[in-house]
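Here the structure comes first, spelled out in structure tokens, and everything after it is commentary.
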Amino acid sequence: MRELATLISDYMDFRAARGFQPNRKTEHLLTQFANTLPPERDDDLLFSQGEALAWAHAPVGGHPAWLSARLSTVRGFAIYLAGSGLPVGVPAVRQGASGSRRATPYLYSLNDIRALMTTAHQLFTPLRAATMTTLIGLLAVTGMRIGETVRLTIGDVDLDEGVVLIAHAKFGRQRMVRLDPSSCDALAGYLSVPVRRRFSTGPESALLVTQKGTAITEHTARGAFHQMVQHAGPPARGRCPPASARLCRPARYADLWVIVAVA
């Protein structure tokens, strides 16, 4: 299996070159799979679809999500090999045990967004209210992730060009997000609020700050958002068909991006 060991190493390099973080679990699982294959075979395949499925489903009593993850790992490797022109059997999608089912997110309406912003001013001090309403507005209109938003510095935002640079996006990449002129006006208004102007507005300074002038954390934002939701009172089950009610999540700040797709 020396050939497969080399191919696994090449595959991990291929993933890293495309922005995936190093993943020892993936490499370990693929090595484990390679070690189960026969040293010699009658066909010309590196491995067959049946061998991949048998290995993925081998753990007796394994949780469906774990079996699905094993299959996904070996399937990704098989797709890479097939794309490189090598003879290999590629398992079909969703063949065998299925993974965990994603809960239906809460779909925020514009009225929900307005209600949350109004609630922020009722619950919090002027600076905290301004920070939370700005955070909610950015999440709602840009689709940025919460972690990306709270890490923004003032230098990442170009209000003249209407652009936000996300320096540390998923998989360590950078990306740019366009802002509507109304969003630029809202950000400029936040930075000009007297309680915000007490703190640094240099390019390296945090965009969204706490009462102490430090960058707001995701943990702090989550706690404040929970307070706002409880006070504003959006439906706990979200807007879900009756058949899907069991899977619906409570309203969360992470679902705010949905409004970008449905507005």
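The values are calculated or read from the model by the stated rules, or taken from the named source; none is laboratory data. Since we're looking at a predicted model, the values are computed, not measured. Neighbour counts are summed over all protein chains in view; Cβ atoms, including those assigned to glycine, are modelled from backbone coordinates with ideal geometry.
Given the residues 131, 149, which is the only one that is modelled with pLDDT of 95 or more and either in a loop (DSSP other than H, G, I, E, B) or touching a helix residue (DSSP H, G or I) at 6+ places or on another chain (Cβ under 9 Å) (or both)?
131
Residues in region 76-93 that are hydroxyl-bearing (Ser, Thr, Tyr) and surrounded by 15 or more Cβ atoms within 10 Å (Cβ to Cβ): 80 alone. Scanning region 26-42 for residues that are loosely packed, with under 11 Cβ neighbours inside 10 Å and in contact (Cβ under 8 Å) with a residue 24 or more places away in the chain returns a single hit, 39. Touching a residue at least 12 places away in the same chain (Cβ under 8 Å), touching a His at 6+ places or on another chain (Cβ under 6 Å), not assigned by TED's automatic domain parsing to the domain that holds residue 17 and not acidic (Asp, Glu): is that true of residue 119 in this structure? Yes, satisfied. For region 39-51, a residue qualifies if it is of a type in the set (S, T, N, Q) and not in a helix (DSSP H, G or I), and exactly one does: 48.
Restricting attention to region 11-24, which residues are exposed (fewer than 13 other Cβ atoms within 10 Å of the Cβ), assigned to a helix (DSSP H, G or I) and of a type in the set (D, E, K, R)? Matches in region 11-24: 13, 24. Restricted to region 165-184, and to residues there that are surrounded by 12 or more Cβ atoms within 10 Å (Cβ to Cβ) and of a type in the set (D, E, K, R), the residue that is farthest from residue 138 (Cα to Cα) is 170.
The criterion of being closer than 24 Å to residue 226 by Cα, modelled with pLDDT under 95 and surrounded by 12 or more Cβ atoms within 10 Å (Cβ to Cβ) does not hold for residue 193. Quick one: would you say residue 78 is outside any loop (DSSP other than H, G, I, E, B) and either over 30 Å from residue 169 (Cβ atoms) or in contact with a Cys (Cβ under 7 Å, 6 or more places away or on another chain) (or both)? Spelling it out, it is not the case that residue 78 is outside any loop (DSSP other than H, G, I, E, B) and either over 30 Å from residue 169 (Cβ atoms) or in contact with a Cys (Cβ under 7 Å, 6 or more places away or on another chain) (or both). Do we find a residue being under 15 Å from residue 135 (Cα atoms), at pLDDT 95 or above, out of contact with any helix residue (DSSP H, G or I) (no Cβ under 9 Å at 6 or more places or on another chain) and surrounded by fewer than 17 Cβ atoms within 10 Å (Cβ to Cβ) anywhere in region 219-229? Checked region 219-229: no residue is under 15 Å from residue 135 (Cα atoms), at pLDDT 95 or above, out of contact with any helix residue (DSSP H, G or I) (no Cβ under 9 Å at 6 or more places or on another chain) and surrounded by fewer than 17 Cβ atoms within 10 Å (Cβ to Cβ). Against the conditions (1) surrounded by fewer than 16 Cβ atoms within 10 Å (Cβ to Cβ); (2) under 17 Å from the mean Cα position of the chain (by Cα); (3) not hydrophobic (A, V, I, L, M, F, W, C), residue 162 satisfies every one except (2).
Of all residues in region 52-75, one or more are assigned to a loop (DSSP other than H, G, I, E, B), more than 28 Å from the chain's Cα centre (by Cα) and surrounded by 12 or more Cβ atoms within 10 Å (Cβ to Cβ).
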